[in-house]
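Every number here is computed from the coordinates shown, using simple stated rules; none is lab data. This is a predicted model, so every value here is computed, not measured. Neighbour counts run over all protein chains shown; Cβ positions are idealised from the backbone, glycine included.
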There are 2 protein chains.
Amino acid sequence: MTANGTRVQASQLATFIAHAFVAAGLPAEDAQTLAELMVEADLRGSDTHGVIRLPLYVRRIRAGGVNAKPNIRVVTDRPSAALIDGDNGMGHLVMRRAADLAIEKAKTTGIGWVGARMSNHAGPAALYVTMPLKHDMVGLYFAVGSNNHLPPWGGSESLLGTNPMAVAVPALDEPPIVLDMAPTVAAYGKVRLKAQRGEQMPVGWMIDREGKPLTDPKRADEGQLLPIGDYKGYGLSLIIGLLAGALNRAALGRDVIDFVKETGKATNTGQAIAALAVETFMPAGEFKRAVDQVIRDIRNSRRLPGVERIWLPGEQSHAKLLDRRAHGVPMPKSLRDSLDTVARDLAIAPLA
Amino acid sequence: MTANGTRVQASQLATFIAHAFVAAGLPAEDAQTLAELMVEADLRGSDTHGVIRLPLYVRRIRAGGVNAKPNIRVVTDRPSAALIDGDNGMGHLVMRRAADLAIEKAKTTGIGWVGARMSNHAGPAALYVTMPLKHDMVGLYFAVGSNNHLPPWGGSESLLGTNPMAVAVPALDEPPIVLDMAPTVAAYGKVRLKAQRGEQMPVGWMIDREGKPLTDPKRADEGQLLPIGDYKGYGLSLIIGLLAGALNRAALGRDVIDFVKETGKATNTGQAIAALAVETFMPAGEFKRAVDQVIRDIRNSRRLPGVERIWLPGEQSHAKLLDRRAHGVPMPKSLRDSLDTVARDLAIAPLA
């Protein structure tokens, strides 16, 4: 039990998600892949990017905005770089394929970089950027956000998204280091969560079109997110957008549609993933021991007054992963209600 | 003439720098390469990373901290990734070589990633990350900073540096997009510049070991820089350090020495550069036209009240490059004095 509802075992949640996608018209194998990846997002603590998105995903599939039976194919293929066309399929399916291809290339040549176009929202970057880890590879991931909430620095027109970047580095006995961040102070999913919960946002998350602080998440449409480090976060968002979007002939800037509002339209989402083989540079075991040492040096270093613990990027997600694998995924009532609605709409059994 | 001194033609400055390095014991060809790259830094407006560093570089070479005649060699070489050992030579020489190798690999396989160990401070990232541009490639660059001024988030022990990352993207008629940033609110060079000029730092650049704002740059040793986006900037610095340092068996964390204070010791600086061939994904001309369009959409988008112009990353540096190529590099009196001292120490003709 959690403060705000019950917990659901990962396997039950996965079964429900798979049934929903099959009922929405997806092949059983694709539905299964989606269920596993979406549940992994929830296990990792990505509460804004896991099963909470199922109602929207189903709505988009039924509205014709997402292709239920895509022909995902490699468009151009060089020894270490490739472009995949997702045929407007679910982003998870496209990026799983892209990650596999990047890893394969890295095995042969030291690095693989695979871009995707005509993809869709794929959940949290951490899902894909960690795939190279078990091959003793470093992962890098870039994506164009699924709507624009960030203007250029000094601007008041949201031409950019909370384009995430992620990097994953393998460790030996310690959890891997996984940085998964948007170049904005707050991700837009967190704004939505605040609205859902009826809470105010802290000053510094958003401003309105006059540049004044905006703290009511229900008025988010009238405002814009603030980038980290002022012009630096704007620069990061743009660069990530170019790497993941423009370079793959995917949408960027004015071409990005709001995937929440325009459910019937293809988003042409772009993402890119790279895998870099550690063995190119040094023996993997030696590298992972060195990473463990860096982790411990940081964790055990001197703290500012009042700070109880220094965390490594991805460490809190890893702790959630262990906890939720053992005790299930938290299921607040509002989330369960929305999944019950999905079940009714699709005429499938509700989540047990 | 500038407000604070004269200007010097780039060619004169290059001649002076080359003479200085030859007098310090470097081969003429290496001295020439260094002179060209350091002057390019000043032309681009990197006032903290160009010729201003010459006195320190010379001091380090004469103290035996940098190898004047390195045997820079490729240690491991795979089709798309390689590791270079800089043999403790000047970082500019190491990274020029690394960039050339990354570009060569990208021509053959779509992408090249080259790491460097036993390198040294190499000036601004923009110098190297822009090298792939003329081959219609995107550049990526990561480096470990040459001293530690950033603690992990919540910490008060500076185990991390202002590790820079840079990305360069080619455009057609517009200047290329070049993001070159440290994951801290302010780079440490800017703190030094404030101290030199006798100015105070704004609140938000540094805190002391109790977590209180530190604004006197002369007390910088008692404090620590603040990362952008709180824990996000810390995560970025760590990840960049792992990619550029740990992965290349270069220094990171406790192994990083202060290259200003310990002039006689090898730094084992690590850097990494990647080149990504645009043609893998789409015709280069088409891509560059699309980038031009993104640039213009951003530049011409609606502005916040009071904002005169929206800049693209790298655009102001490009404007400085054009201005300084035509009118020379600003030479404040304090900089000229320090170069005069170098000339006296090395018994060469002073800067004209």
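Some points to look at:
- Computed helical MRE - 222 nm, chain A, DSSP H runs ≥ 4 contributing -39500 (n - 2.57), nearest 500: -11500 deg cm²/dmol
- Cross-link reach list, aspartates and glutamates versus A:LYS134, counting only Cα pairs under 15 Å and skipping chain neighbours closer than eight places: A:ASP100, A:GLU104, A:ASP173, A:GLU174, A:GLU279
- Debye-sum result for chain A in log10 I(q)/I(0), which assumes one identical scatterer on each alpha carbon, at q = 0.08, 0.09, 0.13, 0.14 Å⁻¹: -0.39, -0.50, -1.10, -1.28
- Under 5 Å from the amide H of B:VAL8 lie the amide H atoms of B:VAL329, B:MET331, each residue being 5 or more positions distant or on a separate chain, with H modelled from the backbone and absent for Pro and chain starts.
- Summing charges over all other residues whose Cβ lies under 14 Å from the Cβ of A:ALA28, with Lys and Arg as +1 and Asp and Glu as -1, gives -2.
- A straight line joining the Cα centroids of region B:332-352 and region B:273-322 runs 38 Å.
- Of the GluC sites (Glu not before Pro) found in region A:189-242, those that fall in a DSSP loop while having at most 15 other beta-carbon atoms within 10 Å are A:GLU199, A:GLU210.
- Here the Gaussian network model covers chain A, with springs between Cα atoms less than 10 Å apart; of A:ARG324, A:ARG249, A:ARG197, A:ARG197 fluctuates the most.
- Taking A:LYS288, A:LYS320, A:LYS212 as the candidate residues, the one with maximal mean-square fluctuation in a Gaussian network model of chain A, Cα springs under 10 Å, is A:LYS212.
- Cut-off 18 Å (backbone N to label point 7 Å along Cα→Cβ of B:ARG192), residues of region B:314-352: B:330-343
- Charge sum, other residues only, whose C-beta stays under 12 Å from B:ALA14's C-beta, Lys/Arg counted +1 and Asp/Glu -1: -3
- Distance between region B:81-114 and region A:177-216 - C-alpha centres, whole angstrom: 40
- Residue (of A:GLY189, A:LEU226, A:PRO202) at the positive-pole extreme of region A:185-226, dipole from beta-carbon charges: A:GLY189
- Spin-label zone in region B:23-59 - amide nitrogen under 14 Å from a point set 7 Å from the Cα of B:LYS134 along the C-beta vector: B:36-37, B:40
- Most fluctuating residue given options A:PRO213, A:PRO283, A:PRO313, as computed from a GNM of chain A linking Cα atoms under 10 Å: A:PRO283
- In terms of surrounding Cβ atoms within a 10 Å radius of their Cβ, A:THR15, B:THR109 rank from fewest to most as A:THR15, B:THR109.
- Its residue count N sets the reference 2.2 N^0.38 Å, and the alpha-carbon radius of gyration of the protein assembly as shown equals 0.96 times that reference.
- For region A:185-226, size of Cβ-based charge dipole, Lys and Arg +1, Asp and Glu -1, in debye: 160
- With eigenvalues of the C-alpha gyration tensor scaled by 5 and rooted, region A:58-145, Å: 24, 14, 9
- Mean shadow area of region B:141-288 over all directions, Cα convex hull, nm²: 10.8
- Using C-alpha pairs below 8 Å separated by at least 6 residues, the relative contact order for region A:185-226 is 41 percent.
- Inter-chain shielding of A:284-295 (mean C-beta neighbours from other protein chains, 10 Å cut-off): 3
- Descending semi-axes in Å of region A:185-226, equivalent ellipsoid built from Cα gyration tensor: 15, 10, 8
- The residues packed around A:GLY270, meaning those with a beta-carbon under 13 Å from its beta-carbon, carry a net charge of 0 if Lys and Arg are +1 and Asp and Glu are -1.
- Taking one quarter of the surface of the convex hull spanned by the alpha-carbon atoms of region A:189-259 gives a direction-averaged projected area of 5.4 nm².
- Cross-link table B:LYS218/B:LYS261; A:LYS69/A:LYS265; B:LYS194/B:LYS261; A:LYS194/A:LYS265, entries beyond 21 Å C-alpha to C-alpha: A:LYS194/A:LYS265
- With the label put 7 angstrom out from Cα along the Cα-to-Cβ vector, A:VAL75 ends up 3.9 nm from the copy partners, going from closest to farthest.
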